[in-house]
Amino acid sequence: MSSEQRKAFPFSEFEPKWQDVWEAKKAFRTPNPGDADFDASKPKYFVLDMFPYPSGAGLHVGHPEGYTATDIIGRFKKMSGFNVLHPMGWDAFGLPAEQYAIKTGQHPRATTEKNIEGFRGQLKRLGFAYDWDREVNTTDPGYFKWTQWIFLKLYNSYVNDAGKARPIAELEGQGLSREEIDSRRLAFVSSAPVNWCPELGTVLANEEVVDGKSEVGGFPVERRPMRQWMLRITSFAQRLIDELDGLDWPESIKLLQRNWIGRSEGAHVKFQIVGHESDVTVFTTRPDTLFGATYMVFAPEHALVDQITTPEHAAAVEAYRKVVGSKSDLERTELAKEKSGVFTGAYAINPVNNEQIPIWIADYVLMGYGTGAIMAVPAHDSRDFEFAQMFALPVKQVVQPPEGKDWQGFTDNGTAVNSGFLDGLTTPEAKAKMACWLEEKGLGKGTTNFKLRDWLFSRQRYWGEPFPIVWEEGNHRSIAESELPLLPPDLEDFRPTGTPEPPLSKAPDWVRYSATATRELNTMPQWAGSCWYYLRYCDAQNSERFVSEEAEKYWMGGGKPGGVDLYVGGTEHAVLHLLYARFWHKVLFDLGYVSTPEPFQRLVNQGLIMGEDGQKMSKSRGNVVNPDDVVKEYGADSLRLYEMFMGPLEQVKPWSMKGVEGVYRFLARVWRLVMAVSEEGVWSLSPALQDVPANKQVTKALHETIKKCGEDIEKLSFNTAISQMMICTKTFTAEEVMPVSAIVTFLKVLSPFAPHLAEDLNARIATKFPALAVEGLLSDATWPKYDPAALIEDEVEVVFQVNGKLRDKARVPIQATKEEIEKIALASARVQEFMEGKTPKKIIVVPGKLVNIVV
RNA sequence: GCCGCUGUGGUGAAAUGGUAAACACAGCAGACUUAAAAUCUGCUGGGAGGUAACUCCCUUGCCGGUUCGAGUCCGGCCAGCGGCACCA
């Protein structure tokens, strides 16, 4: 049997038809302030999806999940009288695009354009109410001109003592040297060790390295010192933590970000080194345990190691450093099961008791965190304890744990012992006292440290935004804003060079900027374009500014810390995109370019859709569902509705084709409310459709549905809204006569979920009942109001409990008083039976609900 | 190891502290049909008793607590998923 004959309603005819009508009429065009048709009296609602990376594989079923949710919200808000901004675009730069191009032997611009076309077509076939005039594409020069422009803002800014980004010109006015100014820029050059991935031929940000491998491709990553562009995100660490508070985000995501930023409070402590002028500072979160420090450990890369190592230990130290230095991050973590290290021969003096303690080097101390050196308190730190056991170093108790716990390796709070002036204090008291003592003696002070590192911002790849920077006599400087956009050269061979030399070096004409200056050869990472795309949507066509002040104020304003009203996307961006975008937004805010300190007010993460087998969808498992197939077989409305009916939006849930059939049957039932089929299989308006008022039962079901669906959409509880529509449809189906106006109202409620079907049925009803159907497009209709009076029943069922157990129920008038209900309950034969003649101790009456008699 | 989330029928799931399992899937039975598909109707957590209508008991991972009343709140444990991981 062909699928054509099996169709229960002709979705494959009317879905494309309405998609064309919406597009032709620009039904979802959103006017901006200043436009002739802009209505300033309406409130705004900015609903945003995480824009897709247009891969060659096309849309997968995970995309429409979030996109349908935002589409329902957007359509509902539009119907409820809001100016709705619901745009779509393409995050098209980056490694995967370039690798795909290399694999298929095409230019990334060609593959990207083809992929975008594919994605756009797929999204259009799902009937999303986007304003396509606002489409953005990060690889479009008209877009990345402004990405480069924002980079120049970062380059030309610094953070002042108050922690705010300010124009670098302020420092120039203070007569600082070029070196001093360059060292304070938010975009700066650094030659620290970075994550180099030989396979990808580029460096990667810390956030892009997972378990010592590249997030893209899973290739090994090694540490090597290279000169790279960095963004000073660490200057915003505290604000990035603090300003999460005002946001309506899942607590788990806030926590993920807080943990990633990793604030910890402690103290710096200065140690003298025996026989040396120099001293060394360590960071510790446990200054209260200073009396228990029995040795010290430097990171192998620590700058002082060469100076302090004694001749008899030099060979061993050198050998150890060599071994550590040759390891990739992966090997280093893999081999980290057992502690290793060597003694330098040097000693430090513990400032609290003047004891000499040995200085070791070990790779469990990281150069990149704190000061790259630690005081080891083996008694109360598990790593130090393990190391001390291994190398037979002394372990000295300085914290008394609560009764019944061993002090060795005890890391929680307790009471200070063997600690001189700290003895008897609780751990928090001792921390505070020690910090004061250190500060008084000039030996240290309380400090805060963050795990967050500065953002490595350059890549040795072709398919990214070139930096608007030139080099002259060893110094960098920005090019003029008027020179933007800076296009990449047209390269035949854009593959990585296999060395840290970026592929842009293959275009000598492009590289030569002037007789004395050459261009920066690195490109920006994929994250750059996605850091600000939501702003571009507000004014996507503007060629004068990244977004007009007026549009930014209107769409991003509204008195809350975040400008976007609802942002829906996957958890995978919890610490990458969402942290980077917040950082850029804060810089733009400080500089006065945007009106809110945060970009996204409300964030919702959609849950992953698993395969039918409950496993993650993947080609190798063969459990991937292609949305195109579903649309072909069941229609776009079925796909939309099913993805919303599966379960709560935020939950991980498995796909079920049977479930798709279920919602498909529901849509067919709705279709048959309005349409009847002849014996020849021709659909026409159902004769049951009549211009009559709805009876009480239908009216009640309808108004309950208006109420519940409206409330559930606001709560993003789409599955329960759909079940209510199913109940309502059942009530309609049971009727012999279909009251047209009630059906039309129901279609309005259905339309955000299944817009094609609702639009089509309304148009068909309009042919016979033009006065009762919505005039023009149903998508432009107003959300119906429910009548509270229609919901009220004359009688309600009240349950009677004896000692909390259900024993009887009765229908009582809605206006019955507590006393009357109580009397009815006590009169019940079943209740009396279970009371066994005892007198009630207590009777709880919840009007309209229950009576509980306690005996 | 640390942090977080989630545990409810055969399945996806509902349930402002107030009738657990709405809605749907699957299954079973029936109607329509020569037959099938489609459609429509009914049943469908477990156990016990009763010819039957029906009645009773148990049931939201496990143990305890608060409450007239707990899937929901509190404490402890177990399992699964996710994040971080030598961050001093």
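The values are calculated or read from the model by the stated rules, or taken from the named source; none is laboratory data. Bear in mind the structure is a predicted one, so any value in this text is a computation, not a measurement. Here the Cβ positions follow ideal geometry from the backbone for every residue, glycine too, while neighbour counts run over all protein chains shown.
For region A:348-365, which residues satisfy the criterion of being aliphatic (A, V, I, L, M), part of a strand (DSSP E or B) and within 16 Å of RNA strand B (Cβ to nearest atom)? Please lay out each step first, then the result.
Quick first cut of region A:348-365, residues aliphatic (A, V, I, L, M) only: A:348-349, A:352, A:357, A:359, A:361-362, A:365.
Now restrict to residues that are part of a strand (DSSP E or B): A:348-349, A:357, A:359, A:361.
Passing the criteria: A:ALA348, A:ILE357, A:ILE359, A:ILE361.
Restrict the check to region A:544-552 and report whether at least one residue is in a helix (DSSP H, G or I) and touching a His at 6+ places or on another chain (Cβ under 8 Å). No, region A:544-552 contains no residue that is in a helix (DSSP H, G or I) and touching a His at 6+ places or on another chain (Cβ under 8 Å). For region A:650-695, a residue qualifies if it is touching a Leu at 6+ places or on another chain (Cβ under 6 Å) and within 30 Å of A:GLU572 (Cβ to Cβ), and the qualifying residues are A:VAL652, A:VAL663.
The number of residues in region A:804-842 being within 9 Å of RNA strand B (Cβ to nearest atom) and among the aliphatic types (A, V, I, L, M) comes to 1. The residues listed here are A:GLY345, A:GLY368, A:GLY325; of these, the one that is within 16 Å of RNA strand B (Cβ to nearest atom) and either more than 45 Å from the chain's Cα centre (by Cα) or in a loop (DSSP other than H, G, I, E, B) (or both) is A:GLY368.
Out of curiosity, is A:THR411 within 15 Å of RNA strand B (Cβ to nearest atom), touching a residue at least 60 places away in the same chain (Cβ under 8 Å) and under 39 Å from the mean Cα position of the chain (by Cα)? Walk me through how you get there before you give the answer.
Working: within 15 Å of RNA strand B (Cβ to nearest atom): yes; touching a residue at least 60 places away in the same chain (Cβ under 8 Å): no; under 39 Å from the mean Cα position of the chain (by Cα): yes.
When the stated conditions are applied, A:THR411 does not pass them.
Within region A:418-482, considering only strands (runs of 3 or more DSSP E) that don't extend past its boundaries, which have at least 1 residues that are of a type in the set (Lys, Arg) and at pLDDT below 95? Even if it seems obvious, please write down each step before you answer.
Values: elements: A:444-449, A:469-472, A:475-478.
Qualifying strands (runs of 3 or more DSSP E): A:444-449.
Of the residues making up region A:474-495, those that are without any contact (Cβ under 8 Å) to a residue 60 or more places away in the chain, of a type in the set (A, V, I, L, M) and within 15 Å of A:LEU521 (Cβ to Cβ) number 2. If I filter region A:613-646 down to residues being part of a loop (DSSP other than H, G, I, E, B) and within 28 Å of A:PHE14 (Cα to Cα), which single residue comes out as nearest to the chain's Cα centre (by Cα)? Taking the candidates together, the pick is A:MET646.
Within region A:113-135, residues that are within 19 Å of A:ALA27 (Cα to Cα) and modelled with pLDDT under 95 reach no partner that is part of a loop (DSSP other than H, G, I, E, B) and basic (Lys, Arg) with beta carbons closer than 9 Å at six or more positions or on different chains.
For region A:500-523, which residues satisfy the criterion of being over 34 Å from the mean Cα position of the chain (by Cα) and either in a loop (DSSP other than H, G, I, E, B) or in contact (Cβ under 8 Å) with a residue 60 or more places away in the chain (or both)? Please lay out each step first, then the result.
Filtering region A:500-523 down to residues over 34 Å from the mean Cα position of the chain (by Cα) leaves A:505-519.
Of everything in region A:500-523, those that are over 34 Å from the mean Cα position of the chain (by Cα) and either in a loop (DSSP other than H, G, I, E, B) or in contact (Cβ under 8 Å) with a residue 60 or more places away in the chain (or both) turn out to be A:ALA507, A:TYR513, A:SER514, A:ALA515, A:THR516.
State yes or no: is A:GLU473 acidic (Asp, Glu), surrounded by 13 or more Cβ atoms within 10 Å (Cβ to Cβ) and farther than 27 Å from A:ARG545 by Cβ? So A:GLU473 does not fit the description; no.
When we screen A:ILE743, A:ILE722, A:ILE727 for residues that are among the hydrophobic types (A, V, I, L, M, F, W, C) and closer than 28 Å to A:ILE814 by Cα, the only hit is A:ILE727.
Please state which one of A:VAL216, A:VAL203, A:VAL194 is assigned to a strand (DSSP E or B) and within 15 Å of RNA strand B (Cβ to nearest atom). Walk me through it before giving the result.
On the way: A:VAL216 fails: assigned to a strand (DSSP E or B); A:VAL203 fails: within 15 Å of RNA strand B (Cβ to nearest atom).
Checking each option against the conditions leaves just A:VAL194.
Scanning region A:738-771 for residues that are out of contact with any strand residue (DSSP E or B) (no Cβ under 9 Å at 6 or more places or on another chain) and surrounded by fewer than 17 Cβ atoms within 10 Å (Cβ to Cβ) gives A:PRO770, A:ALA771. Set side by side, the residues A:ALA694, A:ALA701, A:ALA676 differ, and just one is outside any strand (DSSP E or B), within 15 Å of RNA strand B (Cβ to nearest atom) and of a type in the set (A, V, I, L, M, F, W, C), which is A:ALA701. Consider region A:725-756 and keep the residues that are more than 19 Å from A:LYS708 (Cα to Cα) and touching a helix residue (DSSP H, G or I) at 6+ places or on another chain (Cβ under 7 Å). The one that is nearest to RNA strand B (Cβ to nearest atom) is A:THR733.
Within region A:772-808, if we keep just the residues that are among the small types (Gly, Ala, Ser) and surrounded by fewer than 18 Cβ atoms within 10 Å (Cβ to Cβ), the residue that is farthest from A:ALA825 (Cα to Cα) turns out to be A:GLY776. Determine if region A:226-244 includes at least one residue that is surrounded by fewer than 14 Cβ atoms within 10 Å (Cβ to Cβ) and without any contact (Cβ under 8 Å) to a residue 12 or more places away in the chain. Yes, some residue in region A:226-244 is surrounded by fewer than 14 Cβ atoms within 10 Å (Cβ to Cβ) and without any contact (Cβ under 8 Å) to a residue 12 or more places away in the chain.
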